[in-house]
1. Over the Cα atoms of the stretch A:17-103, Rg to Rh with Kirkwood Rh, two decimal places?
2. Any idea what angle helix B:26-36 forms with the longest principal axis of chain B, computed on alpha-carbon atoms, 0 to 90 degrees, nearest 10?
3. What FRET efficiency do you get for residue A:87 and residue A:48 if R0 is 30 Å and r is their Cβ-Cβ distance, rounded to the nearest 0.05?
4. Which FRET efficiency value, to the nearest 0.05, is calculated for residue A:99 and residue A:190 with the Förster distance at 35 angstrom and r the Cβ-Cβ distance?
5. As a test of the definition: which semi-axes, in Å, follow for chain B when you take the square root of five times each eigenvalue of its alpha carbon gyration tensor? Largest first, please.
6. Please give, to one decimal in nm, the separation of the simple spin-label points placed at residue A:177 and residue B:99, each 7 Å out from Cα toward the Cβ.
7. Just to verify a number: FRET efficiency for residue B:36 and residue A:114, C-beta to C-beta distance, R0 = 30 Å, to 0.05?
8. Counting helices only, and only those DSSP H runs with n ≥ 4, report the 222 nm mean residue ellipticity of chain B as the sum of -39,500 (n - 2.57) divided by its residues, in deg cm²/dmol to the nearest 500.
């Protein structure tokens, strides 16, 4: 029978009350927390005790404040277990069934609980917001994918803030939340964007032998995107022709044939 | 009367009240608050830590070394400002209580 285990579980501050429930259930099953990290947690087997856990967010504490902090909790029987993300602290107390559940609450009035929740940092969307700005400046399909993802992440952030506002100081049974799709969505967006940038074709036109004047060329465009006409120099010492730049945006149905006009001097 | 606008929360009131007569450490404050309220008021560790930190920043209480040598616990004592805040709150609650009694006895005009 194994005596240690590591679980892969991403901590979500918006549902910290559900995480409390998970830790308490694991403790009842004989798994006691030894280390808590944002993406994984370590447990050891010990069936001799059942704990009730407490999760607290306090921001960055000085050495003096941290000492006072642990003393206040230790005075009520709370054992410090772990710290993660610089502002989250995990405590536990052995369960005594003769005591009421209120003994296992660290926040016993609403104003102090709300004050704690105001210190909880919450953000998913910032990583993608720059992509949204980039899309506005350069409307290409790859950046569009990032831009849409940024909007979805922002919506997820708002939902998480709403959930945090409704969270209670008591452990709450876990349930699935739509914003748990955020990580797979982010991975999909990055993969899709890289694919789009990779498969987006460059269209070439050989200008040798062309007469001066207005010319045109036809390209079959496979993906809606923002295309720009670029000039690549001839090899050797041949004089470079002048080409007025032309840009074509194809947001109509695809694949389609677009005719691009340019002036060749 | 000091210049304070918002009423104290129950936890803040009991913490200040428990420090009125002598300095106490956090756990002693929690125990005395429970005793004074007949077991109705329980101040959790998080509430206690947040409240004492806030009150120290406002200057209502201050830390002082406790008795007991190496095993001494950190104690808190009421400052003059904290004492004034507490007395204001007690007067406010007395006024509320008097108003309630008048209404209950049917003598309100």
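1. Values: Rg = 13.1 Å, Rh = 13.6 Å.
Here Rg/Rh amounts to 0.96.
2. For helix B:26-36, the angle is close to 30 degrees.
3. Values: r = 32 Å, r/R0 = 1.06.
About 0.40, to the nearest 0.05.
4. 0.10
5. Values for chain B, descending: 30, 16, 11 Å.
6. 4.0
7. Plugging the Cβ-Cβ distance into 1/(1 + (r/R0)^6) gives 0.75.
8. On the way: 4 runs with 60 residues, N = 109.
Result for chain B: -18000 deg cm²/dmol, rounded to the nearest 500.
Coordinate-derived values only; no laboratory data. What you see is a predicted model; the values in this text were computed from it and never measured. Neighbour counts run over all protein chains shown; Cβ positions are idealised from the backbone, glycine included.
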